[in-house]
1. Please find, in a Gaussian network model of the chain (springs between Cα atoms separated by less than 10 Å), the residue of Gln75, Gln13, Gln57 whose mean-square fluctuation is greatest.
2. Using Cα springs under 10 Å in a Gaussian network model of the chain, which residue among Ala85, Ala18, Ala35 shows the largest mean-square fluctuation?
3. Among (i) 13.2, 42; (ii) 22.9, 67; (iii) 15.0, 51, find the value of Rg and Dmax of the Cα atoms in Å that was calculated from the structure presented, and write down its label.
4. Would you mind telling me which residue in Ala80, Ala47, Ala20 has the biggest mean-square fluctuation in a Gaussian network model of the chain, where springs connect alpha carbons within a distance under 10 angstrom?
5. Measure off 7 Å from each Cα along the Cα-to-Cβ vector at Ile15 and Thr53, then give the distance between these two points in nanometres to one decimal.
6. Quick check on the exposure proxy: order Leu91, Leu44 from fewest to most C-beta atoms within 10 angstrom.
7. For an R0 of 41 angstrom, estimate the FRET efficiency from the Cβ-Cβ distance between Thr65 and Leu44 and round to the nearest 0.05.
8. Quick check on the chain: helices-only [θ] at 222 nm, where DSSP H runs of length 4 and up contribute -39,500 (n - 2.57) each and the sum goes over total residues. Nearest 500, please.
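What follows draws every value from the coordinates through simple rules; no lab data is involved. Source: prediction; values computed, not measured. Here the Cβ positions follow ideal geometry from the backbone for every residue, glycine too, while neighbour counts run over all protein chains shown.
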Amino acid sequence: MKPEMETQPEAGQVIEDARALLTVTTQVAEEKVVAARERLAQALEKAKKVCDTVQAQAVAGAKATDQVIRTHPYQTMGVALGVGAVIGYLLARRSH
């Protein structure tokens, strides 16, 4: 689970670096640089939208899960116990 938690700060760093690059190259007026800056700005905007969408979906999923768990606590514990038992059985079988 650790790599998932590191993704957001890394994505933030990439966005900051890209914005810094855009700022540094503002004085360069060559055609290729201008085109590259435009593509980079579009990519940054798209990445921000995707990040916002993913974050909203994750929050909605967490809220839905929380609601199900609060509505059916005993069933949730039973399912968790069953899944844990199956995983434990499979892992025990695999190690022999």
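1. Checking each option, the largest mean-square fluctuation is seen for Gln75.
2. Result: Ala85 has the largest fluctuation of those listed.
3. The value matching this structure is (ii).
4. Fluctuation is largest for Ala80.
5. Between Ile15 and Thr53, the simple spin-label model gives 1.5 nm.
6. Least crowded to most crowded, the residues run Leu91, Leu44.
7. So, using R0 = 41 Å, E works out to roughly 0.85.
8. Value at 222 nm, helices only: -32500 deg cm²/dmol.
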